[in-house]
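Enquirer: Before I ask anything, here is the structure I am working with.
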Amino acid sequence: MIKGWKDLFREQILERGRNYFYAGAVTKLQKTENGYQAVAEGTAAYDVAIEIEEDRILDMYCACPYAGDGNYCKHMAAVLFKIEEMYGNGAENEECCITERIKEKKELEETIDKIPEKELRVLVKELAVCDDEIRNMILIRYAVKIEEKQIKWLKQEVDQLVYEYGDRSGFIDYRNAWDFSSDLQAFLDEKVDILIEKGCYLQAFDLTNYVFQTIGSTDIDDSDGGISMVADLCYEKWKVILENCSEEEQNRMFSWFEDHHGCGYVEDYLEEYLEEFMMNEFQNREMLIKKLKFLDEMIENQEFSTDCGRIWSVQYGYENNILKRLKIMEKLNCSNEEIKEYRKKYRRFSAVRVLEIEESLASGDIDQAIEVLQESKNLDCAYMGLVADYSEKLIDLYEKQLNEKAYKDELLFYVFKCQQNDLEYVNKLKAICTDKEWEQYREQILENRKCLFIQYPLMEAEGLYERLLEALKQEVFIYRIDEYERILKEKFPEQVRDIYIMYLHKEAGKSTDRKQYRHLMKYLKKIKEYPGGKEKTGEIANEWKVKYRRRSAMMNELQKAGF
């Protein structure tokens with residue numbers, strides 16, 4: 001059991017690490033010769049290593065920027081919580097902590113219950129005078145009427161958070177960003193919810209907007225993704241307010257979104273929250289008509305394109321403008337004739353033709369589907385992703401029709417004109433070719449830029465191992481060699497060994513930190529398993545000991561790796 005490790009962390013860092021652990025952020029945990037290693041998933045995946053000696057932390061490493069400044073980070077804490085769960089008695093320790101907190105809470109409640117009512121009122125008044133947060137909580141919870149000055153005080157609470165967590169210029173760095181975002185979420189859940197419960201919907205809306213503007217205009221290093229979490233919660237509060245307020249209040253909310261969308265009210269992608277709420281959440285007839293006009297402007301701007309444009313939805317991803325408009329027409333009870341006329345007018349857009357294809361297939365009219373697919377290949381030729389989708393559907397339909405010529409022609413088109421990411425369609429083509437035909441097509445595939453991503457897998461599948469080895473010798477990235485090492489090591493052990501040796505010589509001079517040195521040791525150990533590898537790695541290690549003797553971290557990693 002690792003002793004005393006929690007004392008190494010600041011309290012808030014330890015708590016964040018606990019949250020990461022509970023969220024399942026720790027993966028690939030395994031024991032090593034000197035301790036443990038794992039990956040902590042956050043806004044990025046960070047490698048974490050824990051070195052242990054006699055049940056105590058000897059050293060810790062994490063690839064995150066916070067740890068890079070010499071701090072013990074939340075990712076390290078998360079991994080240690082995971083180690084306790086898997087190898088120690090962390091659950092028992094956690095249960096003890098929870099029990100202690102319950103005991104403390106009960107003790108506080110019993111003490112408060114013993115205070116005489118008159119003295120308790122005096123105490124609350126004294127606390128409210130000294131603490132603005134307590135004052136504001138009492139006023140919005142118990143005041144008969146919520147006045148403008150009370151909303152102003154609540155907004156000052158938000159401003160105070162920016163002041164507390166920011167530096168002199170107002171910038172909030174990554175060390176404080178998570179706590180800042182967490183406090184804003186707590187503010188929304190506490191203060192805005194009370195206003196909603198009291199039926200003060202416009203005040204709740206105003207306060208939520210203020211938090212949204214704050215998170216969207218404050219200069220903050222959002223490494224942990226806290227901005228999105230606060231924005232998501234603002235969106236949820238807007239939904240609750242909209243569902244409960246009057247029609248007049250809904251109209252005022254809609255006008256606010258119209259006025260603040262696209263005007264620089266918040267920075268960057270948070271604009272999308274305003275656009276999405278306006279487009280997705282307002283459902284009365286007047287607002288739906290306004291949304292139609294908004295969509296029509298966007299669609300008309302695509303005058304010379306077969307792509308009608310898309311709206312980004314933080315809830316649903318990208319939504320097609322034409323499809324969105326057709327749904328609104330249905331909600332407005334437009335007649336089938338009106339919808340057909342609209343589709344006919346905008347048939348140049350791929351989304352409309354895709355609907356035709358789907359409807360033809362659903363009704364069993366395969367010939368009609370094939371006709372529209374062929375037409376769409378030509379109309380949408382500027383969008384090769386769409387063309388590839390059409391071609392895949394045509395291949396499937398020709399195969400079902402047993403139309404061998406059309407099937408082969410379409411396969412040839414797809415393989416040589418569309419980007420290939422696997423061997424699925426290449427194998428389909430091979431299956432219908434003679435040996436002589438296939439050899440010709442295979443050479444064309446290996447020289448085709450559209451087939452770049454499948455050239456190595458194809459060489460492997462076709463047994464072209466010498467050609468594969470020669471191609472890999474020109475590779476920039478070592479992981480490509482690793483990918484095919486299992487096959488090539490057996491057939492060309494010395495050549496593969498020498499590729500790794502060349503890589504080590506090249507990378508050693510560029511490596512500057514402990515993570516990179518550990519990476520080099522991984523390949524040094526790998527070379528050791530090849531014929532003559534022990535002698536070669538000994539020579540490399542001795543060369544490094546002389547050439548890089550001043551790199552203490554590198555010398556330390558060499559020693560730990562057994563060199």
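Enquirer: Rounded to the nearest 0.05, what FRET efficiency do ILE432 and ASP396 have when you use their Cβ-Cβ distance and R0 = 22 Å?
Expert: Numbers: r = 15 Å, r/R0 = 0.66.
My answer for the efficiency is 0.90.
Enquirer: Between ASP409 and LYS31, take the C-beta separation as r, use R0 = 51 Å, and let me know the FRET efficiency to the nearest 0.05.
Expert: Efficiency computed from Cβ-Cβ geometry: 0.35.
Enquirer: At 7 Å along Cα-to-Cβ for each site, give me the label-to-label distance between ASN19 and GLU475 in nm.
Expert: 4.1
Enquirer: LYS340 versus GLU439, label points 7 Å from Cα toward the beta carbon: distance in nm?
Expert: For the pair LYS340/GLU439, the computed spacing is 5.8 nm.
Enquirer: In addition: Please report, in debye to the nearest 20, how large the charge dipole of the chain is about its Cα centre when each Lys and Arg carries +1 at its beta carbon and each Asp and Glu carries -1 there.
Expert: On the way: 83 positive and 113 negative charges, 378 e Å.
That gives the chain a dipole magnitude of about 1820 debye.
Enquirer: Does a label point 7 Å from the Cα of GLN302, set along Cα-to-beta-carbon, have any residues of segment 378-417 with amide nitrogen under 17 Å, and which are they?
Expert: Under cut-off, by backbone N: 378-390.
Enquirer: In the chain, if the dipole is taken from +1 on Lys/Arg beta carbons and -1 on Asp/Glu beta carbons about the Cα centre, which of TYR235, VAL426, LEU504 is farthest to the positive end?
Expert: Highest projection toward the positive end goes to LEU504.
Enquirer: Under a straight-distance cross-link criterion of Cα-Cα below 26 Å, which lysines are reachable from LYS393, leaving out those fewer than 8 residues away in the same chain?
Expert: LYS324, LYS327, LYS340, LYS344, LYS345, LYS377, LYS405, LYS408, LYS417, LYS428, LYS430, LYS450
Enquirer: While we're here: Arranged from highest to lowest average of other beta-carbon atoms within 10 Å per residue, in what order do the peptides 538-544, 524-530 appear?
Expert: Values: 538-544: 14.9, 524-530: 17.9.
The densest-packed peptide leads the list: 524-530, 538-544.
Enquirer: A follow-up question, please. Given R₀ = 35 Å, what would the calculated FRET efficiency be for GLU85 paired with ASP113, taking r from the Cβ atoms and rounding to 0.05? Can you show the working numbers first?
Expert: On the way: r = 38 Å, r/R0 = 1.08.
Plugging the Cβ-Cβ distance into 1/(1 + (r/R0)^6) gives 0.40.
Enquirer: Here's something else I'd like to know. Under 19 Å Cα to Cα from LYS506, which lysines show up? Leave out anything in the same chain fewer than 8 places away.
Expert: LYS473, LYS515, LYS522, LYS525, LYS526, LYS528, LYS536, LYS545, LYS547
Enquirer: What size of dipole, in debye to the nearest 20, comes out for segment 396-514 about its Cα centre when the only charges are +1 on Lys and Arg C-beta atoms and -1 on Asp and Glu C-beta atoms?
Expert: Working: 20 positive and 25 negative charges, 53 e Å.
Using Cβ point charges on Lys, Arg, Asp and Glu, segment 396-514 gives about 260 debye.
Enquirer: Contour minus end-to-end for TYR383 and ALA128, with contour as 0.36 nm per residue of separation and end-to-end as the Cα-Cα distance? Walk me through the numbers before you get to the answer.
Expert: Values: separation 255, 0.36 × 255 = 91.80 nm, distance 6.35 nm.
Separation in residues times 0.36 nm, less the Cα-Cα distance, equals 85.5 nm.
Enquirer: Now a separate question. For segment 1-53 and segment 453-499, write down the distance between their C-alpha centroids in whole Å.
Expert: 36
Enquirer: Another question, then. Once Lys and Arg get +1 and Asp and Glu get -1 on their Cβ, which of LEU520, GLY538, ALA204 lies farthest toward the positive end of the dipole of the chain?
Expert: It is GLY538, whose Cα lies furthest towards the positive end.
Enquirer: Let me ask something else about it. Could you work out the helix-only [θ] at 222 nm for the chain, with each DSSP H run of four or more residues adding -39,500 (n - 2.57) and the total divided by the number of residues, to the nearest 500 deg cm²/dmol? Write down the numbers at each step before the final one.
Expert: Working: 29 runs with 379 residues, N = 563.
Helix contribution divided over all residues of the chain: -21500 deg cm²/dmol.
Enquirer: Right, another one. To the nearest 20 debye, what charge dipole does segment 141-277 have about its Cα centre, counting +1 at the Cβ of each Lys and Arg and -1 at the Cβ of each Asp and Glu?
Expert: Working: 12 positive and 32 negative charges, 147 e Å.
Roughly 700 debye for segment 141-277.
Enquirer: In segment 141-277, if the dipole is taken from +1 on Lys/Arg beta carbons and -1 on Asp/Glu beta carbons about the Cα centre, which of GLN250, LEU154, SER223 is farthest to the positive end?
Expert: Of the candidates, LEU154 comes out farthest on the positive side.
Enquirer: When we measure straight from the Cα of LYS105, which lysines land under 24 angstrom away, once same-chain ones fewer than 8 places off are left out?
Expert: LYS6, LYS114, LYS118, LYS125, LYS191
Enquirer: While we're here: For the pair ASP221/LYS331, report the inter-label distance in nm, with labels modelled 7 Å from Cα in the Cβ direction.
Expert: Output for this residue pair reads 4.2 nm.
Any read-out appearing in this document is the output of simple, stated calculations on the displayed coordinates, not a laboratory observation. Computed from a prediction, not measured in an experiment: that's the story for all the values here. Quick reminder, even Gly has a Cβ in these numbers, built from the backbone with ideal geometry, and neighbours come from all protein chains shown.
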